[in-house]
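Data block below; observations after.
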Amino acid sequence: MDLLTKFIDTYPVFLKGMLLTFEITIVSIFIAIFIGLFFAFLKISNIKILEWIADLYIFLVRGTPLVVQIFIFYFGLTAFNISDFLAVVLGLAFHNGAYIAEIFRGAIQSIDHGQMEAGRSLGMTMGLTMRRIILPQASRRALPPLGNQFIIALKDSSLASFIGMYELFNVATTHGSLKYDYMSYLLIVAVYYLVLVLFFSIIVRIIEKKMSSSD
Amino acid sequence: MSKDIMINVEKLNKSFGDLHVLRDIDMTVNQSEVVCLIGASGSGKSTLLRCINFLELKDSGLVMIGGEKIEKETHDLNEVRARVGMVFQHFNLFPHKTVLQNVMEAPIYVKKYPKEEAKMEARALLKKVGLLDKENVYPSKLSGGQKQRVAIARALAMKPEIMLFDEPTSALDPELVGEVLATMKELAEEGMTMVVVTHEMGFAREVADWAVYMHEGRIVEVGHPEQLFSNPKEARTKNFLDSVL
Ligand SMILES: Nc1ncnc2c1ncn2[C@@H]1O[C@H](COP(=O)(O)OP(=O)(O)O)[C@@H](O)[C@H]1O
Ligand SMILES: [Mg+2]
């Protein structure tokens, strides 16, 4: 049986796995963006204790393997009757939030200080200037690294297979072990990942183009 | 119109850490007066302007705006800042907003003007600075002189009582300086109270009522521009003028 027939025979299951991979990624990144924004604001607050809290969070995420984080969230949260899906999603969101916090912090700090001055000289409060002037420019700058982080999260979501989520990677290894043919199904799943990544890269590029129309 | 005192600064002191940037500054600016501030780089001119619109908070002394003593404890400084317009050396236009949006932003979000009204007023201001045809353009498409005129319109949109200019033409190519100075002159003729940090002596001579020379955080000499530039009383003023002219 050649690779193509295996591909055609299994695509319904793989597509389902892909959908789950997609869902896990989207939802976790969505939550991670809020976590990231929150910790980015702590980092730039100029209030020592808040900065320390953010530093600690980032240290914890960077200092431990993602698979450990996911297992901790899985065992920690499912004990409270939280679904496997949500546990994994929160684990990934916790992880990506730290990287996204750094992305937002960098983007906000890269905006010329004169923008805040101009806003405030017009009588705008710091918060209003942040919201209306700084953040729109910063998010534009954050978009390329955010897109990158999204793609990393997409690939990292394969770790959800370790706790039994039937996403792409799990579909592949399950087929591999059933048919004693790991190689074929790993090659097939690689194609699915590549297509997903390509798809998202294109979307990010389109958004970037749209947003940069003013420059 | 009676000569109301618009800005009154008394014994103003400001330090950044160990650096004592403003030392016992006294200055009074009456309504409709135009004052030019000159002095070497680092002498505290920008800091003085920034203390007058509270982007920087004084360490001690008194700052009065429109006859009212302003303290951070008793005043909403955002409101005070809305009454004092500021124009920066590097324009600081909002690059993600069109020219019109730049001018409308603060009236809509600070003064809560209805959009249509803000738009009408913004258009009138753009017309005044000669840039109505650029209303839908983003700042990156403008020349430096045009950017600075938009920045002036943006500040005027808040209907300030006072306008502060911090080296408004020093970032401009020489051929673009004139159009900005012309806009400022027009503003002065309409009776705007203005404090201008500039080394454009021609402008100062023509437009300013008096000029101030600052050196190491102090006001060294005050005088009529013509007198101060041609016949300074203080040796330090003379040295400075010799070095820049
Ligand atoms: N936010 C600040 N923090 C520390 N030092 C500052 C700050 N702003 C200005 N200074 C210092 O204060 C001095 C006066 O600055 P400034 O008012 O900008 O002078 P000028 O506008 O006359 O060139 C300079 O030595 C400058 O480095
Ligand atoms: Mg300066």
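So, counting K/R as plus one and D/E as minus one, what does the shell of residues with Cβ under 14 Å around residue A:114 add up to?
Overall, the nearby charge balance is 0.
Note the buried accessible area between A and B here, summed over both chains, with a 1.4 Å probe, in Å² to the nearest 100.
Roughly 2000 Å² of accessible surface disappears when A and B pair.
Relative to the first principal axis of the alpha-carbon coordinates of chain B, what is the inclination of helix B:144-156, with its axis defined by its Cα atoms, in degrees from 0 to 90 and to the nearest 10?
Its long axis makes an angle of about 90 degrees.
Among A:114, A:180, A:197, whose Cα projects farthest towards the positive end of the dipole of segment A:1-211, with charges put on the beta-carbon of Lys, Arg (+1) and Asp, Glu (-1)?
Positive-end residue among those listed: A:114.
Work through the residues other than residue B:12 whose Cβ is under 15 Å from its Cβ and net out their charges, Lys, Arg +1 and Asp, Glu -1.
Summing Lys/Arg as +1 and Asp/Glu as -1 gives +2.
Considering protein heavy atoms only and a 1.4 Å probe radius, which residues within segment B:36-80 exhibit an accessible-area decrease of no less than 50 Å² in the full assembly relative to the chain by itself?
SASA drop of 50 Å² or more in segment B:36-80: B:55, B:78.
Would you work out what percent of the accessible area of segment A:29-149, with all protein chains in place, is carbon or sulfur (probe 1.4 Å)?
With neighbouring chains kept in place, the figure for segment A:29-149 is 70 percent.
Which whole number gives the average count of other chain Cβ atoms within 10 Å of the Cβ atoms across peptide B:99-110?
Taking all residues of B:99-110 together, the mean is 3.
Of the accessible area of segment B:117-180, with the probe set at 1.4 angstrom, what percent is carbon plus sulfur?
50 percent
For residue A:6, go through the aspartates and glutamates and keep the ones whose alpha-carbon is under 13 Å away, minus same-chain ones fewer than eight residues off.
Correct list for residue A:6: A:181.
Using Cα springs under 10 Å in a Gaussian network model of chain B, which residue among B:18, B:26, B:76 shows the largest mean-square fluctuation?
Fluctuation is largest for B:18.
Using DSSP H assignments, which helices in chain A have an axial alpha-carbon span of 24 Å or above and a mean Kyte-Doolittle hydropathy of -0.5 or higher?
Qualifying helices: A:3-43, A:84-110, A:135-156, A:182-211.
What whole-number value in Å² describes the accessible area per residue of segment A:1-211 for a 1.4 Å probe?
Each residue of segment A:1-211 exposes 51 Å² on average to a 1.4 Å probe.
Taking K and R as +1 and D and E as -1, what net charge do the other residues with C-beta under 13 Å from the C-beta of residue B:224 add up to?
That works out to -3.
Which value in Å is the Kirkwood Rh of the protein assembly as shown over different Cα pairs?
Kirkwood hydrodynamic radius for the protein assembly as shown: 26.0 Å.
Over chain B, what lengths in whole Å, largest first, do the semi-axes of the equivalent ellipsoid take, defined as the square roots of 5 times the eigenvalues of the alpha-carbon gyration tensor?
29, 22, 16
Roughly how many whole Å is it from the C-alpha centroid of segment A:45-108 to that of segment A:157-215?
Segment A:45-108 and segment A:157-215 have Cα centres separated by 22 Å.
In debye, nearest 20: dipole of segment A:1-211 around its Cα centre with unit charges on the Cβ of K, R (+) and D, E (-)?
Value, rounded to 20: 660 debye.
Past 30 Å, Cα to Cα: identify those pairs from B:58/B:141; B:72/B:111; A:209/B:147; B:97/B:128, in the order given.
Those over the limit are B:58/B:141.
Go ahead and estimate [θ] at 222 nm for the protein assembly as shown from helices alone: -39,500 (n - 2.57) per DSSP H run with n ≥ 4, summed, over the residue count, rounded to 500.
-19000 deg cm²/dmol
Looking at segment B:31-138, which trypsin sites (Lys or Arg not before Pro) are in a loop (DSSP not H, G, I, E or B) and have at most 11 other Cβ atoms within 10 Å?
B:72, B:112
Using the reciprocal of the averaged 1/r over all distinct C-alpha pairs, how large is the Kirkwood radius of chain A in Å?
Value: 19.2 Å, from the Cα pair sum.
Using the heavy atoms of the protein chains alone and a 1.4 angstrom probe, what is the accessible area of segment B:151-211 per residue in square angstrom?
34 Å²
What accessible area, in Å² to the nearest ten, does a 1.4 Å probe give for residue A:7?
Number for this one is 70 Å².
Straight distance only, please: which aspartates and glutamates reach the Cα of residue B:115 with their own Cα at less than 16 Å, same-chain residues fewer than 8 apart left out?
B:105, B:135
The values are calculated or read from the model by the stated rules, or taken from the named source; none is laboratory data. Keep in mind the model is a prediction, meaning the values are calculated, not measured. Cβ atoms come from the backbone with ideal geometry, glycine included; neighbour counts cover every protein chain shown. Please note that ligands, DNA and RNA were not included when accessible areas were found on the heavy atoms of the full protein model with its side chains. Shrake-Rupley method; radii C 1.70, N 1.55, O 1.52, S 1.80 Å.
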